[in-house]
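K.L.:
Structure below; questions to follow.
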Amino acid sequence: MPKPPKTLYHYCSVAAAHSILSTRKIRLSPLANANDMLEGRLIASELATRLAKSQVSNGLGDFARFTASTYADHTDGFAFCMSEQGDLLSQWRAYGFDGEGFSIGFDYSELVKDFGEVNFGSKFFEISPVDYGVEKTCDLLDSVTTELERIDKKFGDTVRLNSKYSIESAITGVKGMYENIPSLFLFSGTQEHNSAFMKEALSALQELHFKIYFFKDAGFQEEREWRALRYRHRDNHPEITYIAHQNGIRPTIECFIADPAKKVISEVLIGPKNRTDETWMVAYLARVGLGHVRVGRSSVKGYR
């Protein structure tokens, strides 16, 4: 992991900033609703590329590709997204409501602390940088591919996709398939040791399952994003609440920044088109118990 920055910044609207600062709650939102359609799916795509160049048999390769492609359909990444850059024009445009919002700075050393059983801190979420298709992705996928090659040599041609399906149709139609076609019928075993093979194959792929939301396409690299991330299966877990969004009802996980953790909020930057008065902003922060927070204004000039 690269050396963490002192401060990570969350760009947001005026309303969202007011909510975070007044209630001291942040919301982890499902990445399925993010602006990158490949969220959670990049690893499966990269794995397919590696398998095509490997010694893994077609049957095991199809099984691995299919299994990895299902992870994002059943496990969502609930994230609070931040950037190493607190005053970047592209970030103001994309996430700071076209410069009218705020950039809230979070102290990294506080983000990774253990605050006990409260729903904030290292027991509650994982903090990690996003990897933009470079070293970590390669190392992880190479390791998994090597392990699959070992399993293939050990068990031989043990599994294969049933001839009535193609792997492409299986992957692209995975949601409908789970409703209409039991996954049991997609693949068939060809040897007696199916259970041992399945256990080892799934164990090798499991290494990918809870890493899928820390990788993005290199085109997003300018964002220099870090995430506070919590994985949850798509079911009615008690910590998940639901909010009305402008285009639907969305699940969310709320994290409360109790007094022991309040220094995690360290800075507030006022956007280049935001007309909030700095003096009143300081007074407001003191009113809500955040008098230690530094207040500044974006250095972006001439943007309108």
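K.L.:
Restricting the stretch 9-30 to residues that are of a type in the set (Val, Ile, Thr) and crowded, with 17+ Cβ neighbours inside 10 Å, which is farthest from Phe125 (Cα to Cα)?
P.N.:
Val14
K.L.:
Something else about it: Contact list please: Cβ distance under 7 Å, first residue in the stretch 1-25 and touching a residue at least 12 places away in the same chain (Cβ under 8 Å), second residue of a type in the set (Lys, Arg) and open to solvent by 50 Å² or more (accessible area, probe 1.4 Å), pairs at least six apart or on different chains.
P.N.:
That search, which allows pairs on different chains as well, returns Arg24/Lys262.
K.L.:
I'm trying to understand the selection: among the residues of the stretch 59-86, which are in a helix (DSSP H, G or I) and in contact with a strand residue (DSSP E or B) (Cβ under 7 Å, 6 or more places away or on another chain)?
P.N.:
Matches in the stretch 59-86: Gly59, Leu60, Asp62, Phe63, His74.
K.L.:
Are there any pairs with C-beta distances below 7 angstrom linking a residue in the stretch 227-247 that is touching a residue at least 12 places away in the same chain (Cβ under 8 Å) to a residue that is outside any loop (DSSP other than H, G, I, E, B) and open to solvent by 70 Å² or more (accessible area, probe 1.4 Å), with the two at least 6 apart or on different chains, and if so which?
P.N.:
What qualifies is Leu229/Glu126; His233/His74; Arg234/His74.
K.L.:
Does at least one position in the stretch 118-129 carry a residue that is open to solvent by 50 Å² or more (accessible area, probe 1.4 Å) and part of a helix (DSSP H, G or I)?
P.N.:
no
K.L.:
When only residues in the stretch 223-271 that are basic (Lys, Arg) and outside any strand (DSSP E or B) count, which is nearest to Arg27 (Cα to Cα)?
P.N.:
Taking the candidates together, the pick is Lys262.
K.L.:
Going by the conditions given, is Gly302 modelled with pLDDT under 95 and open to solvent by 80 Å² or more (accessible area, probe 1.4 Å)?
P.N.:
Yes, satisfied.
K.L.:
Could we say that Gln221 is in contact (Cβ under 8 Å) with a residue 40 or more places away in the chain and open to solvent by 80 Å² or more (accessible area, probe 1.4 Å) here?
P.N.:
So Gln221 passes the test.
K.L.:
Please specify each residue of the stretch 272-287 satisfying the condition of being part of a loop (DSSP other than H, G, I, E, B) and open to solvent by 30 Å² or more (accessible area, probe 1.4 Å).
P.N.:
Pro272, Lys273, Arg275, Thr276, Asp277
K.L.:
Here are the criteria: (1) without any contact (Cβ under 8 Å) to a residue 24 or more places away in the chain; (2) closer than 25 Å to Ser166 by Cβ. Tell me which single one Arg93 does not satisfy.
P.N.:
Checking Arg93 against (1) without any contact (Cβ under 8 Å) to a residue 24 or more places away in the chain; (2) closer than 25 Å to Ser166 by Cβ, the one that fails is (2).
K.L.:
Look through the stretch 63-77, keep the residues that are open to solvent by less than 10 Å² (accessible area, probe 1.4 Å) and closer than 23 Å to Gly156 by Cα, and return whichever of them is farthest from the chain's Cα centre (by Cα).
P.N.:
Among them, the one singled out is Ala64.
K.L.:
Could you go through the stretch 45-52 and let me know if any residue there is acidic (Asp, Glu), touching a helix residue (DSSP H, G or I) at 6+ places or on another chain (Cβ under 6 Å) and open to solvent by less than 40 Å² (accessible area, probe 1.4 Å).
P.N.:
For the stretch 45-52, residues acidic (Asp, Glu), touching a helix residue (DSSP H, G or I) at 6+ places or on another chain (Cβ under 6 Å) and open to solvent by less than 40 Å² (accessible area, probe 1.4 Å): absent.
K.L.:
So Glu100 ticks every box in (1) under 24 Å from Lys273 (Cβ atoms); (2) in a loop (DSSP other than H, G, I, E, B); (3) touching a helix residue (DSSP H, G or I) at 6+ places or on another chain (Cβ under 6 Å) but one. Which box is left unticked?
P.N.:
(3)
The values are calculated or read from the model by the stated rules, or taken from the named source; none is laboratory data. A quick note: this is a predicted structure, and the numbers were derived from the prediction, not measured. Cβ sites come from the backbone with ideal geometry, for glycine too, and all protein chains shown count toward neighbours. All accessible areas refer to the heavy atoms of the entire protein, side chains included, with ligands and DNA or RNA removed. Shrake-Rupley method; radii C 1.70, N 1.55, O 1.52, S 1.80 Å.
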